[in-house]
Number of protein chains: 2
Amino acid sequence: MPATIYDIARQAGVSSSTVARVLRGDTKGDRKDSAERAARIRQIADSLGYRPNLRARAFSEQRTKGVGLLYTDDAWVFEGVNDKVLQGLVRELRKHDHHLLLVPVDEGGDWEELLLGGHVDGCVTFQPLSEPVRNGIRQAALPCVLLGDNSDCDLPHIVVDDVAGSYSAARHLIALGHRRIGLYVHNTVKPHCSIQERFQGFETAMTEEGLEPNFWHCSEDEMISVLTRGGARPTGLICYSDLESTLIGHAMWQYGLKIPADLSLIGFNDKFATKYMTPPLTTVGFDANQIGTLGAELIIRSLTSDGLSEDQPPTSIQVKTQLIVRGSTAAPPKNA
Amino acid sequence: MPATIYDIARQAGVSSSTVARVLRGDTKGDRKDSAERAARIRQIADSLGYRPNLRARAFSEQRTKGVGLLYTDDAWVFEGVNDKVLQGLVRELRKHDHHLLLVPVDEGGDWEELLLGGHVDGCVTFQPLSEPVRNGIRQAALPCVLLGDNSDCDLPHIVVDDVAGSYSAARHLIALGHRRIGLYVHNTVKPHCSIQERFQGFETAMTEEGLEPNFWHCSEDEMISVLTRGGARPTGLICYSDLESTLIGHAMWQYGLKIPADLSLIGFNDKFATKYMTPPLTTVGFDANQIGTLGAELIIRSLTSDGLSEDQPPTSIQVKTQLIVRGSTAAPPKNA
DNA sequence: CTGAAAGCGCTAACAT
DNA sequence: ATGTTAGCGCTTTCAG
């Protein structure tokens, strides 16, 4: 039903190639007669409401201009600030005439056909890829960019400067006078490079001061029991993300304990709602939108450079963090 | 580079159609020789690592099995519980061998080619569509399903029972003894059917009791000034969404006012974090995931029924709400 | 600068 | 049941 270049060609009395060229803007218009002809072709195309058939084009060009967002964990995709990453990603992809597909790649996801059947030209991901997925995209030679993850060093990636982020968080607490400080990761958090790196920055700051870098990877109940026990309890807690901050802040409130009077709390990610917590959360922020934007640029680059320049190491970009001091941190209690 | 059905056909000494049929499972295998041949074909396909080329298939079948999620407002897509809707949507689409594309359709979105060029077979949306978009999908005869929106009655849609939700919220406050109750919508909220409907349920409950249904559509500062003024201030506030609850709850805290002692607060949507607010938020919840699941079914149905049965009115599904009573509501202050 | 023609890989109608 | 053939609509040589 929709008009094709052949319809236009027939009406204009020219060949389909001419139509294609004119519509693509490939005709210089040096000669007057061809300029006129081009104008007429464009006018006919308009009157017919012509639109290039993207399926045909994809078939012919052997690419869809589609990028798949690979994920295994529903919650993760929209967790924390990943929504902002996504926004930046989609917007930047659109600027380059590409689009984003959501592709769950877990067990039942039935992702193989979609991903390896050539319906996307490349992919990005927030999480470490499972072995089958990694093998799949490798065999299909599908370009892939890691966003906020560096689990595969062979792939270009964008990471947050987690080390510096947690270092600054720890430094902030130390400067306030805290000595017993811990890093808390909820036990449901999936393995991710940022866990180690956030620990590393934290550890560095602590050992610089001769302090012990306490680390907990457990349920919130266990964490709370640590926080509410007797004298040696931590007075400052750095959370792996704003999720932990939310849970801990809430539990403390339930126990009738005050933040920051009884515990100084620091989050990570600076997601929207943390500003409105009671008290507002001191947290480590970064430009999440930029991760998406840069990621889009990287994947577009891989898609554009026709497999040339294979030899250089994959690009690695680091996004800076910034400590945002709000109301959830203060000097430790006197008696501590 | 990847193997095609022709490669397989050549190796097996059969025609490409036979390969295609076997691979599609269209061969009954009644006769022994064909069963054997089918097995051999499958084996060759395996050894060649054959995968159907989805671009070619899309071209031939004249469809991509892609569904576009249309949106104009970045924040909205991931706002509130829309992330859950999205999860349900993607998962259910995958079950039916379809996938989801993120398609911003605002001014600079450059959406026309993608949407009208046949790169998606249908679309869904959370928000009222702009005039150009509506015209576009109408002309392209692109099936479209509205999720949590009914701005276009000609389109199948899934809505939340907002009327009942806000009615139950108001009833809850009335039962607690409140008389001065208001409904608050933040001024940045985009026009949406749920605003009117939430007002309607609220209004019904109030007028049943001869109470005045106060309504505010303003910035949080203005709202706060109303809440903190003298004697006639509202003692109960129903918020259009959890966003307003967050802002108001925070502002009250800043003013040194207590929830629910000084103000009973009710949210809408029951997004994850509201359970962890201080105090936990009483809110109107519903099964957001189901909106996505049902939406996927509807769009799949439109895509499958080949334009038959055009005459019946578009499907309209309503998702039920449930009031979740937590700590942010209580009897009004005595002196009020 | 233009036209003719091949090709992208699969589906489906038709003939055997 | 299998083979033959004609599309699907665009891009891209290759001649003219």
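The values are calculated or read from the model by the stated rules, or taken from the named source; none is laboratory data. All values reported here derive from a predicted model rather than from experimental measurement. For neighbour counting, all protein chains shown are included, and Cβ atoms are generated from backbone atoms with ideal geometry for every residue, glycine included. Note: areas computed on protein heavy atoms with side chains; ligands, DNA, RNA excluded. Shrake-Rupley method; radii C 1.70, N 1.55, O 1.52, S 1.80 Å.
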| query | Any idea how far the Cα center of region B:1-58 sits from the one of region A:86-108, in Å? | reply | 33 Å
| said: Give me a comma-separated list of calculated 3J(HN,Hα) values for region B:138-148, in order, Karplus coefficients 6.51, -1.76, 1.60 applied at θ = phi - 60°, integers in Hz, x for any Gly or Pro. | reply: 5, 5, 7, 6, 8, x, 8, 10, 9, 9, x
| query | Just by accessible area at a 1.4 angstrom probe, what is the order of B:PHE286, B:PHE59, B:PHE126 from largest to smallest? | reply | B:PHE59, B:PHE286, B:PHE126
| remark: From the Cα centre of region A:167-238 to that of region B:161-231, the distance in Å is 43 Å
| said: Output the 0 to 90 degree angle, nearest 10, between the alpha-carbon long axis of helix A:193-208 and the longest principal axis computed from the alpha carbons of chain A. | reply: 40 degrees
| request: Leaving out ligands and nucleic acids, note down the accessible area per residue over region A:162-286 with a 1.4 angstrom probe, in whole Å². | output: 37 Å²
| Chain pair B, A: total accessible area buried, heavy atoms, 1.4 Å probe, Å² | 5000 Å²
| Sequence of B:ASP97, B:ASP33 when ordered by accessible area, the most exposed leading, probe 1.4 angstrom | B:ASP33, B:ASP97
| task | Run the numbers on region A:266-284: which residues show a drop of 10 Å² or more in accessible area, chain on its own versus all protein chains together, using a 1.4 Å probe over heavy atoms? | result | A:PHE272, A:ALA273, A:TYR276, A:THR278, A:PRO279, A:PRO280
| field | Set of lysines near B:LYS320 by C-alpha distance (under 18 Å), chain-local residues within fewer than 8 positions excluded | value | B:LYS84, B:LYS271
| Area projected by the alpha carbon convex hull of region B:180-288, averaged over all directions, nm² | 6.9 nm²
| Which value in deg cm²/dmol, rounded to the nearest 500, describes the helix-derived mean residue ellipticity at 222 nm for chain A, given -39,500 (n - 2.57) per DSSP H run of n ≥ 4 and division by the residue count? | -13000 deg cm²/dmol
| message | Show me the trypsin sites (Lys or Arg not before Pro) within region A:195-265 that DSSP assigns to loop and that have at most 10 other Cβ atoms within 10 Å of their Cβ. | response | A:ARG229
| task | Take the solvent-accessible surface of the protein heavy atoms, probe 1.4 Å, and return the percent of it on region A:184-336 that carbon and sulfur atoms account for. | result | 50 percent
| message | I'd like the residues of region A:30-69 whose 1.4 Å-probe accessible area shrinks by no less than 20 Å² going from the isolated chain to the full set of protein chains. | response | A:ARG51, A:PRO52, A:LEU54, A:ARG55, A:ALA56, A:PHE59, A:GLN62, A:THR64
| field | Area accessible to solvent at A:ASP106, 1.4 Å probe radius, in Å² | value | 40 Å²
| said: Give the separation of the Cα centroids, region B:281-295 to region A:263-336, in Å. | reply: 30 Å
| request: Can you send over the solvent-accessible area of B:SER16, 1.4 Å probe, protein chains only, in Å² to the nearest 10? | output: 30 Å²
| request: Enumerate the whole-percent occupancy of each 20 Å bin, from 0 to the last occupied one, for all C-alpha pair distances of chain B. | output: 27, 41, 22, 9, 1
| said: As an exercise, use a Förster radius of 41 Å and the Cβ-Cβ distance of A:ALA141 and A:GLN322 to find the FRET efficiency, rounded to the nearest 0.05. | reply: 0.60
| trypsin sites (Lys or Arg not before Pro) within region B:28-135, DSSP loop, no more than 12 other Cβ atoms inside 10 Å | B:LYS28, B:ARG31
| Do any GluC sites (Glu not before Pro) in region B:243-336 lie in a loop, going by DSSP, with at most 15 other beta-carbon atoms within 10 Å of their beta carbon, and if so which? | B:GLU310
| message | As I understand it, the value is the acute angle between the Cα axis of helix A:32-47 and the longest principal axis of the Cα atoms of chain A; what does it come to in degrees, rounded to 10? | response | 60 degrees
| note | Taking Rh as the Kirkwood radius computed over alpha-carbon pairs of region B:130-183 and applying Stokes-Einstein at 10 °C with viscosity 1.306 mPa s, one gets a diffusion coefficient in µm² s⁻¹ of 114 µm²/s
| message | Given an 8 Å cut-off on Cα distances and at least 6 residues of separation, report the relative contact order of region A:5-52 as a percent. | response | 40 percent
| field | Exposure ranking of B:TYR240, B:TYR276 by accessible area [1.4 Å probe, largest first] | value | B:TYR276, B:TYR240
| said: Taking A:THR188 in one copy and the same position in all the others, each labelled 7 Å out along Cα→Cβ, what are the pairwise distances from the first, in nm, shortest first? | reply: 2.7
| Within the set A:LYS258/B:LYS258; A:LYS275/B:LYS334; A:LYS65/B:LYS190, which residue pairs have Cα atoms separated by over 23 Å? | A:LYS275/B:LYS334; A:LYS65/B:LYS190
| message | Using only the alpha-carbon atoms, how far is helix B:242-254 inclined from the longest principal axis of chain B? Give it as 0 to 90 degrees, nearest 10. | response | 40 degrees
| message | With respect to the axis carrying A onto B, what is the closest chain A residue by Cβ position, and how many angstrom separate it from the axis? | response | A:PHE59, 2
| task | From other protein chains only, count the Cβ atoms within 10 Å of every residue's Cβ in B:147-158, then give the mean. | result | 0
